[in-house]
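The values are calculated or read from the model by the stated rules, or taken from the named source; none is laboratory data. Predicted model, so just to flag it, every value in this text is computed and none were measured. Every residue, glycine as well, gets a Cβ built from its backbone with ideal geometry; the counts of neighbours run over all protein chains shown. Calculation scope for accessible area: heavy atoms of the full protein, side chains included, ligands and nucleic acids excluded. Shrake-Rupley method; radii C 1.70, N 1.55, O 1.52, S 1.80 Å.
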Amino acid sequence: MPPGSRRELGAPAWTFVRLAGRRAGTRAPVLFRVLGRHRRLFRGWLHFAGRLMPGGVLPRRETELVILRVAHLRDCRYEFDHHVRLGARAGVTRADLARLVERGPEDDGWSPRERAILAAVDALQAERDLDDAAWERLREHLDDQECIELVMLVGHYDMLATAITALRIPPDLPRR
């Protein structure tokens, strides 16, 4: 699916896309330029996505760890690379990335809360559900709103990985 032009996206979306690229350190994000070709859907999706990230109740570092784990498990390079940049701003280190990719949620470097969150991500990706033990573990650390948001965040980025893959979204190019 080719990225939309300024005319196809319209001036408001085009301006947003350009600013988003500047903030991410890339040219206008290809994902936004593709999805923006469906203007009404794009606006609704941005509103929803913004409630999860950056406007969610989970701390930003945890949100980025969740997104990065989903991207890794889904082998979605676009999503992973984009959130490596955003995650660095939220405190996700190179060591965190290595643990996330190489050893996953059971690594000793995670806090108990991070371990419970990342284990839930893995379970949701593998089983599309959380068993009672996973819920018990999560509930030791997260309140109701955080639990709801976590499940929605994992589902959203799983859906986004599907769209990125199926629409053949190429990586964003760095800003010149």
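Report yes if some residue within segment 60-80 is modelled with pLDDT of 95 or more, open to solvent by 10 Å² or more (accessible area, probe 1.4 Å) and over 26 Å from Leu173 (Cβ atoms); otherwise report no.
yes
Filter segment 87-111 down to the residues that are within 14 Å of the chain's Cα centre (by Cα) and either in a loop (DSSP other than H, G, I, E, B) or modelled with pLDDT under 90 (or both) and list them by number.
The answer is Ala90, Val92.
Which numbered condition in (1) part of a loop (DSSP other than H, G, I, E, B); (2) touching a residue at least 40 places away in the same chain (Cβ under 8 Å); (3) open to solvent by 70 Å² or more (accessible area, probe 1.4 Å); (4) within 28 Å of Ala134 (Cβ to Cβ) is the only one that Gly56 fails?
Here Gly56 clears every test but (3).
So which residues in segment 7-27 are more than 16 Å from His47 (Cβ to Cβ) and open to solvent by 20 Å² or more (accessible area, probe 1.4 Å), if there are any at all?
Arg7, Glu8, Ala11, Trp14, Thr15, Arg18, Leu19, Arg22, Arg23, Gly25, Arg27
Can you work out which of the residues in segment 112-142 that are touching a residue at least 24 places away in the same chain (Cβ under 8 Å) and outside any helix (DSSP H, G or I) is least open to solvent (accessible area, probe 1.4 Å)?
Looking at residues that are touching a residue at least 24 places away in the same chain (Cβ under 8 Å) and outside any helix (DSSP H, G or I), I get Leu142.
Would you point out the residue of segment 144-154, among those that are open to solvent by 40 Å² or more (accessible area, probe 1.4 Å) and in contact (Cβ under 8 Å) with a residue 12 or more places away in the chain, that is farthest from the chain's Cα centre (by Cα)?
Applying the first criterion (open to solvent by 40 Å² or more (accessible area, probe 1.4 Å)) to segment 144-154 yields 144-145, 148, 151-152.
After this cut, where a residue has to be in contact (Cβ under 8 Å) with a residue 12 or more places away in the chain as well, the list is 145, 151-152.
Details: Gln145: 18, Val151: 12, Met152: 11 Å.
Filtering first and then ranking leaves Gln145.
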